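Colleague: One structure is given below, represented as structure tokens, and several questions about it will come after.
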Amino acid sequence: MSHARPVATGARPPPGRTMAAARTLLLVLLAWPAAAAAAATVAAARDSLLNVCMDAKHHKTRPGPEGQLYGQCVLWKENACCTANTSLEAHQDQSYLYNFNWDHCGAMPEKCKRHFIQDTCLYECSPNLGPWIEQTDTSWRKERILHVPLCREDCEQWWEDCQDAVTCKVNWHKGWNWTTGTNQCPRGAMCQKFKFVFPTAADLCEQVWSHSYRYTLHRRGSGRCIQMWFDPAQGNPNVAVARYYALGAAAGPPLPVLLALLPPALLALL
């Protein structure tokens with residue numbers, strides 16, 4: 001016959017275990033302010049990526065209102081990194097901005113050209129590209145953008161409207177013949193339709209400007225991709241996107257989250 005005494009439900013743990021649990025809880029609570037402070041420091045550093053202009057050829061030093069922005073660039077008039085004159089030149093076939101000729105293989109269709117104009121407006125005017133600004137070593141700019149996540153619809157419509165336009169190069173950033181002062185196809189290059197040079201929408205968005213953009217499956221309004229096109233009456237959606245990528249990983253877990261992760265035995269000591 002067993003003489004073992006049954007343990008009452010809800011019995012208190014041994015004193016040694018209680019002390020160990022208390023010490024663990026104390027360490028968690030003491031460490032939390034330091035972790036939160038470190039996260040705040042990171043967040044402050046990343047905050048510098050928001051509402052900024054890159055150090056490039058025609059950009060303003062800091063963003064601000066530009067009520068006279070021209071044409072497709074008007075989307076950024078409330079807060080822009082471009083001037084009114086830059087926005088006007090962005091619409092010219094051969095502007096002084098970069099002396100770049102869209103019609104290097106014959107006239108580019110207007111439905112295609114509007115996407116390159118919009119691309120130029122985004123690049124020159126947007127103050128929401130900070131998370132993707134990288135240092136570069138070129139004669140005409142000290143910073144560039146790299147792997148900006150574009151919304152799926154923007155890339156696919158760009159390709160759809162340009163598939164029958166003609167070009168002779170995949171990477172438009174380099175390799176041109178500039179002997180006339182404007183870009184011409186290099187010797188031996190063959191003019192072909194975009195759909196052969198850029199077989200997919202991802203190829204066009206990612207390769208034409210040496211990976212300045214990245215094709216994504218995120219859709220407009222998702223808050224996870226930069227929109228080249230948006231309705232300014234509804235506000236600029238790219239503000240939230242830049243904040244997500246700049247600050248999304250910076251905030252430390254709040255105290256309630258930390259406490260929720262503690263074992264029940266520790267929580268019972270509170």
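Read-outs throughout are calculated quantities, based only on the coordinates presented, and are distinct from any laboratory measurement. Computed from a predicted structure; not experimentally measured. Positions of Cβ are generated from backbone atoms using ideal geometry, with glycine treated the same way; all protein chains shown enter the neighbour counts.
Colleague: Mind listing which chymotrypsin sites (Phe, Trp or Tyr not before Pro) in region 165-194 are in a DSSP loop and have 14 or fewer other Cβ atoms within 10 Å?
Modeller: W178
Colleague: Which value, in nm² and rounded to one decimal, describes the direction-averaged projected area of the C-alpha convex hull of region 148-193?
Modeller: That works out to 4.2 nm², a quarter of the Cα hull's surface.
Colleague: State, to one decimal in nm, how far the label point of R220 lies from the label point of W178, with both points 7 Å from Cα in the Cβ direction.
Modeller: 3.5 nm
Colleague: Same structure again: What distance in nm separates the two pseudo spin-label positions at H91 and E110, each 7 Å out from Cα along the beta-carbon direction?
Modeller: Rounded to a tenth, the inter-label distance reads 1.2 nm.
Colleague: Then there's this: Need one number: the % of Cα-Cα pairs in region 100-250 sitting beyond the 24 Å mark.
Modeller: The answer is 35 percent, as a whole percent.
Colleague: In region 100-124, which residues have a backbone nitrogen under 20 Å from the label point lying 7 Å from Q234's Cα in the Cα-to-Cβ direction?
Modeller: 115, 118-119, 122
Colleague: In square nanometres, what is the average projected area of the Cα convex hull of region 188-242?
Modeller: Reported value for the Cα convex hull: 5.0 nm².
Colleague: Please pull out the direction-averaged projected area of region 35-174, using the convex hull of its alpha-carbon atoms, in nm² to one decimal place.
Modeller: Value for region 35-174: 10.1 nm².
Colleague: Quick check: from the Cα gyration tensor, does region 111-199 come out rounded (a/c under 1.5), prolate or oblate?
Modeller: Since a/c reaches 1.5 but b/c is at least a/b, the shape of region 111-199 is classed as oblate.
Colleague: What number comes out for the charge environment of D55, summing +1 per Lys or Arg and -1 per Asp or Glu over other residues with Cβ under 15 Å away?
Modeller: +2
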